[in-house]
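Taking it in order: structure first as structure tokens, then the write-up.
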Ligand SMILES: Cc1cc2nc3c(=O)[nH]c(=O)nc-3n(C[C@H](O)[C@H](O)[C@H](O)COP(=O)(O)O)c2cc1C
């Protein structure tokens with residue numbers, strides 16, 4: 001399949017694995033890239049730029065295909081060493097960066113000078129247009145369904161994607177709720193140039209997370225996610241567990257008085273315990289509604305090949321067949 005996204009990133013299939021904290025290690029990124037998609041290492045999961053440089057080296061040992069690095073610009077007072085991370089990316093020869101969170105404008109010149117193509121993750125048409133206007137090469141449009149941070153507008157992809165297509169000139173991928181060949185064909189039909197998946201890629205053989213995490217996604221239905229931190233305007237879609245129930249109870253009890261400190265226990269530093277140790281109730285963790293469409297734990301290659309086969313069957317068979325009758 002050839003789209004503006006496969007051309008931009010020099011990949012075979014228009015499928016991207018979004019950056020995921022404590023999931024996007026070299027093993028997963030390399031597996032996705034080797035299968036013809038675009039794998040992405042999560043920059044900030046590596047605590048220092050030196051560790052990121054090492055992770056990039058490890059990934060390069062596992063694949064000779066293009067892969068990217070996610071840089072999430074967090075709204076925190078003491079910000080991570082972003083210049084250091086960008087240096088590690090540039091020196092490591094990575095040519096694709098997925099940015100997310102705050103506006104990446106400040107960091108674009110350094111990345112563009114190094115020949116890096118930047119895809120910025122946006123949850124609204126206005127942010128996508130802003131990304132286009134500051135010179136991002138592409139955007140990943142994340143609908144309300146998505147795992148992680150869906151923003152505060154609550155517009156699902158059936159509306160958000162065609163709205164983005166109406167306004168954007170640069171290529172964009174559909175993100176949030178994408179799982180299979182049907183998702184890919186739908187995303188293309190709605191005007192996107194490919195798709196980005198998070199949750200679906202966690203339930204794969206190569207995802208370097210505890211088996212409990214994969215099984216929790218397989219067991220979950222589309223009804224099992226919750227939105228947390230809405231009162232802090234930092235909404236996150238997570239899989240329901242006892243920590244989520246506790247957090248939501250605090251949100252109810254404290255109302256407008258809720259502060260981040262009140263929920264630190266459920267939120268801060270919990271990912272290693274969940275993703276590595278498989279202690280599923282240790283805290284809240286991002287998961288998309290698409291868990292309801294995840295029924296197995298295939299290898300990344302099986303998953304991507306299945307998606308492409310299914311997409312082709314839908315286009316050539318079902319859709320062409322409808323036209324013919
Ligand atoms: C466990 C998990 C961790 C994530 N961590 C990050 C992150 O650190 N930075 C980021 O930009 N997006 C992060 N995301 C969002 C994904 O990159 C992607 O945009 C999202 O999962 C797409 O929605 P889906 O889960 O429905 O496929 C995370 C998602 C999940 C499920």
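Once you sort the root eigenvalues of the Cα gyration tensor of the chain as a ≥ b ≥ c, which label holds: rounded (a/c under 1.5), prolate (a/b larger than b/c) or oblate (the other case)?
Cα axes put the chain in the rounded bin.
Below 8 Å between Cα atoms, with a sequence gap of 6+, how large is the relative contact order for the stretch 212-289 in percent?
Dividing the mean separation by the residue count of the stretch 212-289 yields 37 percent.
Summing -39500 (n - 2.57) over the DSSP H runs of n ≥ 4 in the chain and dividing by its residue number, what mean residue ellipticity at 222 nm do you reach, to the nearest 500 deg cm²/dmol?
-11000 deg cm²/dmol
Put a dot 7 Å past each Cα toward the Cβ at residue 312 and residue 219; how far apart are the dots in nm?
Once both label points are built, they end up 3.7 nm from each other.
Say a paramagnetic label sat at a point 7 Å from the Cα of residue 305, along Cα to Cβ; which residues of the stretch 29-60 have their backbone N under 12 Å from it?
Once the point is set 7 Å along Cα→Cβ of residue 305, 35-36 turn out to lie under 12 Å by backbone N, inside the stretch 29-60.
Sort 310-323, 142-155, 61-74 for me by packing, meaning the mean count of neighbouring Cβ atoms within 10 Å per residue, highest on top.
142-155, 61-74, 310-323
Pop the C-beta distance of residue 257 and residue 74 into the FRET formula with R0 = 35 Å and round what comes out to the nearest 0.05.
0.90
For the stretch 4-205, what proportion of DSSP beta bridges, expressed in % and rounded to the nearest 5, is antiparallel?
That works out to approximately 0 percent antiparallel.
Relative contact order for the chain using alpha-carbon pairs under 8 Å, separation at least 6, rounded to a whole percent?
Computed value for the chain: 17 percent relative contact order.
Mind giving me the nanometre distance, one decimal, between the label points for residue 10 and residue 114, set 7 Å out from Cα along Cα→Cβ?
1.6 nm
Hey, for a label at residue 249 modelled as a point 7 Å past Cα toward Cβ, could you say which residues of the stretch 207-232 have their backbone N under 13 Å away?
none
Just so you know, all these numbers are worked out from the coordinates, no wet-lab data involved. What you are looking at is a predicted structure, and each value in this text was computed from that prediction instead of being measured. We place every Cβ from the backbone using ideal geometry, glycine too, and count neighbours over all the protein chains shown.
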